[in-house]
Amino acid sequence: MEIERKFTVKKLPENLSQYLCHIIEQAYLNTDPVVRIRRQDDDYYLTYKGKGLMAREEYNLPLNELSYYHLRDKADGNVISKKRYVIPIDNPTFMSDNIESIDLNSLCVELDIFESPFAPLVIAEVEFPSEETANAFIPLDWFDQDVTNDPSYHNSNLSRQKL
């Protein structure tokens with residue numbers, strides 16, 4: 001189960017170069033249900049995502065490079081390229097004190113900076129262990145609009161945009 005909230009950003013954090021960065025390319029074989037292929041650095045995956053906005057099923061299967069490029073040729077719509085910075089959240093805050101006792105200091109922002117043709121789009125995603133935790137999370141100061149429930153910000157929908 002994937003449980004995440006998505007935000008636009010007011011400004012990029014300083015010193016992005018100090019954070020882990022992945023180079024991602026992804027394409028969609030289907031958007032309902034979502035069947036995606038992804039190259040992340042030198043790793044390749046086939047992903048199935050169920051219905052939902054904040055919480056939905058997600059299954060990842062490994063691919064090899066040859067399979068990835070074979071499937072990419074069969075993909076519909078736009079191929080999405082982006083840089084993903086993984087930014088740890090120090091001392092996340094929540095609207096409730098009753099958040100389950102997990103290591104909340106392990107929460108990270110996955111900051112996606114999209115390449116052309118989607119630039120200058122930037123989306124910050126935070127994954128959570130439960131819907132309760134996700135709903136209680138207080139966004140960071142540099143986050144802007146919460147777009148979790150706006151399907152137009154799903155990469156699968158971006159892939160279908162007419163450019």
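The values are calculated or read from the model by the stated rules, or taken from the named source; none is laboratory data. All figures in this text were calculated on a predicted structure; none of them were measured in a lab. A quick note on method: Cβ atoms are made from the backbone with ideal geometry, for glycine too, and the neighbour counts reach across all protein chains shown. Each accessible area value is taken on the protein alone, full model and side chains, heavy atoms only, with ligands, DNA and RNA left out. Shrake-Rupley method; radii C 1.70, N 1.55, O 1.52, S 1.80 Å.
With the full set of protein chains in place, find how many percent of the accessible area of the chain is carbon and sulfur; take the probe as 1.4 Å. Show your work: numbers first, answer last.
Working: 4260 of 9060 Å².
Summing carbon and sulfur atoms, their accessible area is 47 percent of the total for the chain.
Mind counting lysine pairs for me in the chain? Cα separation below 29 Å, and the two need to be 8 or more apart along the chain or on different chains.
Number of lysine pairs found: 27.
Accessible area, 1.4 Å probe, largest first: how do L111, L46, L163 sort?
Result of the area sort, largest leading: L163, L46, L111.
Taking Cα pairs under 8 Å and at least six residues apart, what relative contact order does segment 1-124 come out at, in percent?
26
If I stretch the segment between N64 and L16 completely, what's the gain in nm (0.36 nm per residue apart, minus their alpha carbon distance), one decimal?
Working it through step by step, the gained length comes to 14.3 nm.
Under a plain spin-label model, where a point goes 7 Å from the Cα along Cα-to-Cβ, how far apart in nm are M95 and D32?
3.1
Between Rg and the Kirkwood Rh of the chain, both from Cα atoms, what is the Rg to Rh ratio?
0.96
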